[in-house]
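J.: The structure's right below; bear with me while I get my questions together.
What follows is calculated from the coordinates using simple rules that are stated; it is not laboratory data. Not measured: the values here are computed from a predicted model. All Cβ positions, glycine included, derive from the backbone under ideal geometry; neighbour counts span all protein chains shown.
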Amino acid sequence: MAGTELPVIAAVDGSTHSDDALDWAAREASGRGLPLVVVHVRLLTRRTGQEAQQREAEELLARSVQRVERIAPGLGPATLSPLDFPSAALVSLSRDASLVVVGSRGLGGFRSLMLGSNSLATAAMAMCPVVVIHGGRPDEEPDGSSPEVFRDIVAGVAADESSEAVLEFAFETAAARPGARLRIVHGWTMFSSMLSGGPVFDREAAADSAERSLAELTAGRREKYPQVEVVKEPVHGSASRTLVTASATAALTVIGRRKGGESLGLGLSPVAQTTLTHALGPVAVVPC
């Protein structure tokens, strides 16, 4: 591993969701041969003194390092405990990271919410891919080892150049997992066909056009990643329902988000937000 390789960042806060995120990040960093940095953000608050926060952070990070050692012996993670707002700190760190991994909700989250505000903000604004880990799925054995039950990497794409980053990340992830299969899902409608200059009234012709678009998108990568089994799935209608359903049995579901609209809250499309909010397994959000 070269010293210049960007790390995987795992955000921890002591919640079970962040434990799940840490476990996933440790296995991913080990599998990709990347360094791991465990981050606990100390909150900007007057209710707790900075010295007490620092002690709590050090104890949490020490426990986290021990947890990583059980899952990925020899990985030797670094630790950080910046004083900031959680999403702001993680977005800042994402500029020099290959991946940021967060739990779907932290200690401060409302149980009625499926996705915490910090997780959502980080996924919508980070400069690198963000993986949000949804808890409650049997991805691992009680001892922390992975049973490798889920082998599919599912990627939701648009049939244009905006999906380049999503596909590259999805192929790279599948290639790093022996035996993984990549399912590429593209939702299309007659309206989207018209907007892209395709058939307007002929549904069968529009379906054929969607098939051809997917074939063109994946052509070069099939040669670059010959070991990856690829299944292309054009879906009539919104892809979000298919992606949410597929996430229940996927090792990872990969979706994209627009760059440039973060300050206006426009980073996540309706399909991306629905998938991220309702997914039943890990979701990677890739800046496009």
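J.: State, in angstrom, two size descriptors of the range 1-43 derived from its alpha carbons: Rg to one decimal place and Dmax to the nearest whole number.
T.: Using the Cα atoms of the range 1-43, the pair Rg, Dmax is 11.1, 33 Å.
J.: Another question, if that's okay. Please give the net charge around V271, taking every other residue with its beta carbon less than 12 angstrom from that of V271, where Lys and Arg add +1 and Asp and Glu add -1.
T.: Net charge in that neighbourhood comes out at +3.
J.: Beyond 13 Å, what share of the Cα-Cα pairs of the range 42-90 is found? Please give it as a whole percent.
T.: Counting every Cα pair in the range 42-90, those more than 13 Å apart make up 61 percent.
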